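Notes for the one structure printed next.
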Amino acid sequence: EVPRVYIGSFWDRPWQNTGMLDLMEAEENDLIEDLVTMPQNNVMNKINEIARRARVVEAHTHLLAHLRAKVVAKWYGKREEQARLCTPEGLLAAYEQVQREHDLSRGDFPLPSRMASVLRAYDFTDFYKPSVERSKKLKALRELTECDIPELITRLHSVQKRRQASKASIVE
């Protein structure tokens, strides 16, 4: 999320130029409202960050397993296959295949050029082998993103609605 920039002047003297008075007052009110709701927004930001990190971990895990499988499947020419995969074009093809196979978002994958430069330092055959234990962990990660996080968001919204309702009844 892009940070909000507020326009204003917060000094005690009267305004010298009143042409933008309405805008300045509106911005000041927005700032105060954002400061009041900051604790609630902070919780939502933390939930969103957990969801983003979980999606990135899942994307990286499936990508590395895919790259390992491609290299291990070769009887000969493993280095050449790894070198081919460590190009931005090779990684884009791998991204597309992993996206389709595991229903992942393209935005959860790193930039191909950056990933290619990092991967060149590793031997893909040393990457983890898929196992039952890792499959359980990935299933738990998928459950977190598909069930637990939406439930947390729903609960947060209901708490916020109850707070607003209680504030409204106090005001009346």
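General observations
- Among Ala94, Ala54, Ala83: highest mean-square fluctuation, GNM of the chain, C-alpha pairs under 10 Å: Ala83
- Shape descriptor for the chain: Rg over Rh equals 1.20 (Cα atoms; Rh from the Kirkwood inverse mean 1/r).
- Evaluating kT/(6 pi eta Rh) at 4 °C and 1.567 mPa s, with the Kirkwood radius of the range 65-160 over Cα pairs in the Stokes-Einstein relation, gives 83 µm² s⁻¹.
- Within the listed set Glu25, Glu96, Glu49, the Gaussian network model of the chain (springs between alpha-carbon atoms below 10 Å) gives the highest mean-square fluctuation for Glu25.
- Excluding ligands, DNA and RNA, the accessible surface per residue across the range 1-150 is 72 Å² with a 1.4 Å probe.
- Distance between the modelled labels on Ala121 and Ile149, one decimal in nanometres: 2.8 nm (7 Å Cα→Cβ projection).
- Extension gain (nm, one decimal) between Arg4 and Leu31, 0.36 nm per residue minus Cα-Cα: 8.8 nm
- Per-q log10 I(q)/I(0), the range 66-114, q = 0.14, 0.26 Å⁻¹ (Debye; single scatterer per alpha-carbon; no solvent): -0.35, -0.99
- Net charge of neighbours whose Cβ lies under 12 Å from the Cβ of Glu33, counting Lys and Arg as +1 and Asp and Glu as -1: -3
- Reduced Cα scattering model of the range 1-98, Debye log10 I(q)/I(0), q = 0.18 Å⁻¹: -0.91
- Listed by chain and number, the lysines placed with their C-alpha closer than 27 angstrom to that of Lys46 are Lys136, Lys137, Lys139, Lys161, Lys167; residues fewer than eight positions away on the same chain are left out.
- Taking 0.36 nm per residue of sequence separation and removing the Cα-Cα distance, the Lys46/Trp75 pair yields an extension gain of 5.8 nm.
- Sequence-separation-based contact order of the chain, relative, with Cα cut under 8 Å and 6+ spacing, percent: 24
- Local electrostatic count at Gly8 - Lys and Arg +1, Asp and Glu -1, tallied over other residues with Cβ under 10 Å: -4
- When a 1.4 Å probe is rolled over the protein heavy atoms, the share of accessible surface on the range 94-143 that falls to carbon and sulfur comes to 51 percent.
The values are calculated or read from the model by the stated rules, or taken from the named source; none is laboratory data. Owing to the predicted nature of the structure, the values given are computational and were not obtained by experimental measurement. Positions of Cβ are backbone-derived with ideal geometry, glycine not excepted, and every protein chain shown enters the neighbour counts. Ligands, DNA and RNA are stripped out before the accessible areas are found, and what is left, the full protein with its side chains, is counted by its heavy atoms. Shrake-Rupley method; radii C 1.70, N 1.55, O 1.52, S 1.80 Å.
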